Amino acid sequence: MGRFETTVITRRTLLKATAAAGALAGAAGCAMPSAPAKLAIIHTNDTHGHDLLDDESLGMAAVAQLRTDYEEQGYEVLVLDAGDAVQGMSLVNHSTGDAAIEFMNATGYHAMAIGNHEFDFGQDKIVDYIAAATFPILSANVVVDATGELLAQPRTSFQLANGSKVGVFALTTPETITAANPLLVRGLTFLAGEELYACAQEQVDALRKEGCDLVVCLAHLGESEVLAPSRACDVAENVSGIDLMLDGHDHEEESQVLKSPEGGDVLVVETGCYTHAVGVVTWEGDVLADTLVAFGSYEGQDAAVDEVVRAEAEEVGTALSVPVATCDFALDGERDPGVRTRETNFGDLIADAMLWEARQMSDDYPDAAIANGGSIRQSLEAGEMTRGDVLDVMPFTNYLCTVRVTGAQLLEAIEAACSASPEELGAFPQVSGITYTVDTTKPYEEGPIYPGSTYAKPANPGSRVTIQDVGGKGFSLDAEYVIASSDFVCVGGDTYYCFAEAAQTTLKSTNYLVSDALRYYLEEELGGVVPERYKEPEGRISIIVA
């Protein structure tokens, strides 16, 4: 490409109708293509507010400059996103996601999928995003129960200059029903499995009927085994007529060619996350080829977009630069190995903060606290911690609550939350006031799927997990315990479905965000200095491995 280097992952020939190059011209009817297309689809996924160039991320200005570079090479360009753009870093969280849409508008995106984190600020905010975006925000499998209508526009199409046409539709992971706060997705149905395939087939058929020569699925689905049967690969292998899937959700780099039911090739690609790379798929003649433009291989930055992002970053930085504490050692908030697989020092600190704050604010004196590992989004290096750091670590608008459960319910919840151990799972419990052991040499025994969930109830709670103590009282299946956690966990999010029934009568909110609990603990209880006792994990969780 001349001025930048790229890494070619794979190249496959797909026998599709050809199309000529030219400027994008909307979505009207098309003439028969007369020459090969020269189209570049620039794509991102799971950006999570990493929209500014830094020491790992390319940012939105690089996406915009890539668009210009390909246009200068004679390509027509579509810029697409596979979801999870509005939540993550303080850069976008500070405006409850509005800034992310502003950046994407400036970059010139043509469409995006609704990801599970688009729900983090509530369903009403999705309506706001759709209204503010200069491009369609799509999802074909989220149904509003009260009306039977789709939550968002399911598909769109783009016509090339010579009349060939590109169709785009989007799918949102059914895991949203448990990965998002249940209170924020109430009243919605996420089509999964066979219903998801039927929904996708309906969209493909409609786009083909409209004359689309290339069909693209924005698939915020992922490939993890725990997501079956609603993964991107499941859709690709059960739906006829998809040419290209731009995947997301699991933060992996991906490039594979799968076979659809009629034997056609389906190219499935994903960029990883956080704009650590930007994907480019070119369509020239009968060939689709994908390229990954990784951080360090490209230095282009669009000046106008960079100015938009930096102006917001400066405003947010001023608001969040107030220091809250100092720490002489690193705090481990990594995913795997980390807070989703084992006890970490940061998990201990955050769970302690939740228990401390809940004991200040709750009428029911909590025995213990649980912080699901997926709520802890990053590590912190030694040094000063600011309000912005706290919000980067815990970006969700989750409220600290308490719920009264039996020992049997607590054991079921921890057994389910450790179902993937020693592999990662966002539900993995970081704890305060609890000691437990997980024996991963024993298989997880699955019972029925929790209602409205993608997770299986443990068939035999206690088969892998042993709880030694809760709140200094020992442990009994018949005893009652007051547990502090986020409202997400307390009302049955992730694998914690068994808490939902107890929450109907015993849920109490402190009216403080979990991120506030961490900040107040650092400032007030710890006096602005993280003590040495948090340098290493305390030994609350034991993992037995083969």
(message) Return the Rg/Rh ratio of region 7-315 with Cα-based radii and a Kirkwood Rh.
(response) 0.94
(request) Determine the equivalent ellipsoid of region 322-544 by diagonalising the alpha-carbon gyration tensor, then write out the semi-axes as square roots of 5 times the eigenvalues, largest first, rounded to whole Å. (result) 27, 19, 15
(message) For q values of 0.13, 0.17 Å⁻¹, compute log₁₀ I(q)/I(0) with the Debye formula on a Cα-only model of region 444-525, without solvent.
(response) -0.57, -0.92
(request) Tell me which residues come under 5 Å, amide H to amide H, from LYS38 once H is placed; ignore anything under 5 positions away on its chain. (result) ALA21, GLY22, GLU76
(request) Find, among the GluC sites (Glu not before Pro) in region 175-249, those assigned to loop by DSSP (not H, G, I, E, B) with at most 16 other beta-carbon atoms within 10 angstrom. (result) GLU210
(request) Identify the GluC sites (Glu not before Pro) of region 354-399 meeting these criteria: DSSP loop state and at most 14 other C-beta atoms within 10 Å of the C-beta. (result) GLU381
(request) Determine the shape class of region 340-440: with a ≥ b ≥ c the square roots of the Cα gyration tensor eigenvalues, call it rounded for a/c under 1.5, and otherwise prolate if a/b is greater than b/c, oblate otherwise. (result) oblate
(request) Go ahead and run the numbers for FRET between GLU71 and ASN105, Cβ-Cβ distance against an R0 of 25 Å, rounding to 0.05. (result) 0.90
(message) Loop-only chymotrypsin sites (Phe, Trp or Tyr not before Pro) in region 214-305, please: DSSP not H, G, I, E or B, and at most 11 other Cβ atoms within 10 Å.
(response) none
(message) Please list the three semi-axes, largest first and in whole Å, of the ellipsoid equivalent to region 283-419, using sqrt of 5 times the eigenvalues of its alpha carbon gyration tensor.
(response) 37, 24, 15
(request) Lys and Arg at +1, Asp and Glu at -1: add these up for the other residues within a Cβ distance under 12 Å of VAL470 and post the number. (result) -1
(request) Report the label-to-label distance for THR441 and GLU334 in nanometres (one decimal), using points 7 Å from each Cα along the Cα→Cβ vector. (result) 2.6 nm
(message) Along the Cα→Cβ direction, 7 angstrom out, place labels at GLU284 and ALA408. What is the inter-label distance in nm?
(response) 6.7 nm
(request) Note the direction-averaged projected area, equal to a quarter of the hull surface, for the Cα convex hull of the chain, in nm². (result) 24.3 nm²
(message) 5 Å is the cut-off here: which amide hydrogens, built 1.01 Å from N in the peptide plane, fall below it relative to PHE329, excluding neighbours closer than 5 in sequence?
(response) GLY383
(message) So if each residue of separation counts as 0.36 nm, and I subtract the Cα-Cα distance between SER240 and THR147, what length gain in nm does that give?
(response) 30.6 nm
(request) List the longest stretch of the chain that has no exposed loop site; here a site is one of the trypsin sites (Lys or Arg not before Pro) assigned by DSSP to anything other than H, G, I, E or B, with at most 14 other Cβ within 10 Å. (result) 187-472
(request) Calculate the all-directions average of the projected area of region 95-226's alpha-carbon convex hull, and give it in nm². (result) 8.9 nm²
(message) Modelling each spin label as a point 7 Å along the Cα-to-Cβ direction, I'd like the TYR365/ALA228 distance in nm, to one decimal.
(response) 4.9 nm
(request) For HIS50, enumerate residues with amide H under 5 Å from its amide H, sequence gap 5+ or separate chain, H modeled in the peptide plane. (result) MET89
(request) Could you tell me whether region 171-293 comes out rounded, prolate or oblate from its Cα gyration tensor? Rule is a ≥ b ≥ c as square roots of the eigenvalues, rounded for a/c under 1.5, then prolate if a/b exceeds b/c, otherwise oblate. (result) oblate
(message) Considering the Cα positions of region 454-494, please state its Rg to one decimal place and its Dmax as a whole number of Å.
(response) 12.5, 34
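Taking every DSSP beta bridge with both residues inside region 100-235, roughly what % is antiparallel (nearest 5)?
So the antiparallel bridges in region 100-235 amount to around 45 percent.
All of the numbers you see were taken from the coordinates with simple rules; none came from a lab. Because the structure is predicted, anything quoted here is derived from the model rather than measured. Neighbour counts are summed over all protein chains in view; Cβ atoms, including those assigned to glycine, are modelled from backbone coordinates with ideal geometry.
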